[in-house]
Amino acid sequence: MLDVTRRFGATLALDGVHFETTGGEVHGLLGAPGAGKTTLMRILAGADRPDRGVVTVGGAVVTGADVRLMRAAGVALVQRHHTLVPTLTAGENLILARPTGRLRGGTRAARQRVERLADRYALAVRSDVPTGELSDDERWRLELLRALDADARLLLLDEPADDLVGAFRRIVDEGRSVVVATGRPEIVLAGCDRVTVLRAGRVALSGAPVDGLAATTLNGLLTGPALPPAPIAVPGPPRRIRLTVTGATLDRLREAELSVSGGEILGVVGLDGNGQHELEQLLAGLRAPEGGRVEVDGVPVPVGDAKARIAAGVAYLPGDGARPARWRPALRQRLRAGPDADARRLLVARELSGRPKVVVAAYPTRGLDPATTRAIVQRVIAAAARGAAVVWFGADLDELFTVADRVMVLAAGEALGFFHPPWDRGAIARAMTGWPS
Ligand SMILES: Nc1ncnc2c1ncn2[C@@H]1O[C@H](COP(=O)(O)OP(=O)(O)OP(=O)(O)O)[C@@H](O)[C@H]1O
């Protein structure tokens with residue numbers, strides 16, 4: 001996860017948190033009570049959504065996905081408050097948790113499956129009694145066995161019992177990953193490869209190898225002095241305004257004013273014919289403004305010359321329909337073939353290859369399959385992380401809410417307001433139709 005913030009009323013549970021884990025490792029997430037561990041895990045598992053920031057799994061953006069989708073993506077959250085049905089046995093509970101709700105061979109096969117899994121991971125669970133009769137620790141083990149049975153690849157264990165530590169290594173040796181949220185340094189030292197320490201919603205230590213760390217160091221990090229405020233941006237160059245549009249007028253667009261900082265993604269949305277086409281043309285240097293200015297790092301965007309536009313650091317990612325001039329013949333040929341995913345990937349790769357200062361993404365995923373869409377979203381986010389100011393024209397509000405830091409609504413050629421997370425879909429829709437909020 002990148003730059004994730006989650007607020008509950010006055011409490012900032014997570015504040016600009018970066019966290020990453022890779023296959024085959026046990027990653028400790030250490031923090032005192034209230035540090036934000038559970039909130040982080042719930043966001044990773046799709047049980048909660050961040051106010052700001054991005055979550056990716058295997059390179060795909062999954063921010064705000066739901067628990068079912070995340071489970072299908074192989075992410076399982078295993079928590080202390082149990083979800084077992086107490087009147088059913090371990091095997092019957094195992095069947096219930098399967099995506100299909102079935103197991104060939106029924107209850108007997110399920111019981112054997114529990115016993116085999118219990119053996120394999122050395123997590124003993126009685127399989128012949130209702131789970132209501134199991135001890136707390138046994139229930140914990142069974143919750144974990146159920147996630148393993150469902151073939152979870154990333155297991156998020158929230159405050160696991162001590163005797164689970166021995167199973168971590170067996171699980172990651174199968175290529176899975178385990179994240180262990182705990183308040184106890186000794187669990188981290190006994191069973192984790194790397195550790196991230198959270199303190200009051202901020203990262204106090206990020207992904208450090210556990211080898212060589214002492215309990216006193218971890219204790220110090222848990223309770224140390226207050227941390228400096230979290231950076232407000234994704235990592236990379238500090239934010240400064242790169243794109244400014246001042247009093248720009250063209251056809252239906254009237255005296256547009258906006259500025260976008262490096263590292264920021266501004267979403268632009270509006271009903272057709274409300275000025276966004278003109279704004280796109282101005283930003284991409286396809287037409288000159290009738291009045292006002294469009295500048296990148298203080299220099300006007302060159303007009304009518306794609307080479308000069310690229311040299312000025314402006315990348316342009318049009319959706320299907322709009323096509324910039326001067327494509328290499330082979331690429332032009334492929335684009336003519338219609339909304340071709342490979343051609344669009346090539347276009348995006350070419351435009352973003354030169355570390356642009358500004359990215360103008362105009363419906364760049366329109367008509368594309370989900371995999372290509374994700375790849376393009378990823379590349380644009382990465383360009384922002386490297387310091388580009390991005391303007392993303394979109395028609396799909398959910399997509400905008402995933403990629404954008406801010407959303408500007410255009411109605412009747414005027415900017416009718418800027419919106420920030422948490423997104424108010426109703427207010428944005430009202431602004432799009434020109435109604436007062
Ligand atoms: N749904 C919620 N509503 C209001 N406040 C919340 C909510 N969830 C978490 N918080 C607050 O956010 C902060 C972080 O909580 P979180 O549960 O993530 O911490 P934690 O590190 O898991 O702590 P613990 O070990 O006590 O579970 C706490 O101050 C908590 O009170």
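A short reminder: the numbers here are calculations on the coordinates, not readings from a lab. Not measured: the values here are computed from a predicted model. No Cβ is skipped: glycine too gets one built from the backbone with ideal geometry, and neighbour counts run over all protein chains shown.
Between D211 and A73, what is 0.36 nm times their sequence separation minus the Cα-Cα distance? Round to one decimal in nm. Intermediate values should be presented prior to the final figure.
Details: separation 138, 0.36 × 138 = 49.68 nm, distance 3.06 nm.
Here the answer is 46.6 nm.
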Charge context of L156, other residues only, Cβ under 13 angstrom, K/R +1, D/E -1 = +2
Which value in nm describes the separation of the simple spin-label points at A288 and A311, placed 7 Å from the Cα toward the beta carbon?
-> 1.8 nm
Percent breakdown of C-alpha pair distances by 5 Å bin, ordered from the shortest bin, for segment 241-432 | 1, 8, 18, 21, 22, 17, 9, 3, 0, 0
As a check on your grasp of the helix formula, calculate [θ] at 222 nm for the chain: sum -39500 (n - 2.57) over DSSP H runs of n ≥ 4, divide by the residue count, round to the nearest 500.
-> -9500 deg cm²/dmol
Along the dipole axis of segment 241-432 (charges at Cβ: +1 for Lys and Arg, -1 for Asp and Glu; origin at the Cα centre), the most positive-end residue among M432, P302, T246 is P302
Here segment 366-377 yields Karplus 3J(HN,Hα) values (6.51, -1.76, 1.60; θ = phi - 60°; whole Hz; Gly and Pro given as x) of 4, x, 9, 6, x, 5, 5, 4, 4, 4, 6, 4
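Starting from the Kirkwood Rh over alpha-carbon pairs, what translational D in µm² s⁻¹ does segment 1-119 have by Stokes-Einstein at 10 °C and 1.306 mPa s? Each step should come with its number before you reach the end.
Details: Rh = 16.4 Å.
In µm²/s, the coefficient rounds to 97.
Can you list, largest first and rounded to whole Å, the semi-axes you get for the chain by taking the square root of 5 times each eigenvalue of its Cα gyration tensor?
With the √(5λ) rule applied to the chain, the semi-axes are 47, 24, 20 Å.
Let me spell out the model: positive unit charges on the Cβ of Lys and Arg, negative unit charges on the Cβ of Asp and Glu, origin at the Cα centre of segment 241-432. What dipole size does that give, in debye rounded to 20? Present the calculation step by step, with values, prior to reporting the outcome.
On the way: 25 positive and 22 negative charges, 178 e Å.
Dipole magnitude for segment 241-432 comes out near 860 debye.
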Counting only C-alpha contacts under 8 Å and six or more residues apart, can you give the relative contact order of the chain as a whole percent?
-> 16 percent
Integer Hz, Karplus 6.51/-1.76/1.60 couplings in order for segment 173-183, x for Gly and Pro = 5, 8, x, 7, 10, 10, 10, 10, 8, 7, x
Of G91, G292, G106, the one that fluctuates the most in a GNM where the chain has Cα springs shorter than 10 Å | G106
Which residue fluctuates the most in the chain, going by a Gaussian network model with Cα springs under 10 Å, if the choices are T63, T83, T196?
-> T83
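What are the semi-axes of the equivalent ellipsoid for segment 81-125, taken as the square roots of 5 times the Cα gyration tensor eigenvalues, largest first, in whole Å? Before the final figure, lay out each step's value.
Details: eigenvalues 50, 41, 17 Å².
Calculated on Cα positions only, the semi-axes equal 16, 14, 9 Å.
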Phi angles of segment 67-77, converted by Karplus (6.51 cos²θ - 1.76 cosθ + 1.60, θ = phi - 60°) into ³J(HN,Hα) in whole Hz with x for Gly and Pro, give 4, 5, 5, 5, 5, 5, 7, x, 9, 10, 9
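What ranking do 405-415, 140-150 get when scored by the average of other Cβ atoms within 10 Å per residue, highest first? List each step's numbers first, then the result.
Working: 405-415: 20.6, 140-150: 23.0.
Peptide ranking by packing, descending: 140-150, 405-415.
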For I241 and E133, what does the FRET efficiency come to when R0 = 60 Å and r is the distance between their Cβ atoms, rounded to the nearest 0.05?
-> 0.40
Using the number of other C-beta atoms within 10 angstrom as an exposure proxy, rank R108, R49 with the fewest first.
-> R108, R49
If r is the Cβ-Cβ distance from R98 to A412 and R0 is 35 Å, what FRET efficiency results, to the nearest 0.05?
-> 0.05
Mean Cβ-within-10 Å packing, highest first, puts peptides 416-425, 240-249, 390-399 in the order 390-399, 240-249, 416-425
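Evaluate E = 1/(1 + (r/R0)^6) for T223 and L271, where r is the Cβ-Cβ distance and R0 equals 60 Å; express this FRET efficiency to the nearest 0.05. Working shown, then result.
On the way: r = 53 Å, r/R0 = 0.89.
That pair, T223 with L271, gives E of 0.65.
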Once the dipole of the chain is set up from charges on Cβ (+1 Lys and Arg, -1 Asp and Glu), the residue from the list S177, G201, A343 lying farthest towards its positive end is A343
Using +1 on the beta carbon of Lys and Arg, -1 on that of Asp and Glu, and nothing else charged, what's the dipole of the chain about the Cα centre, debye to 20?
-> 1020 debye
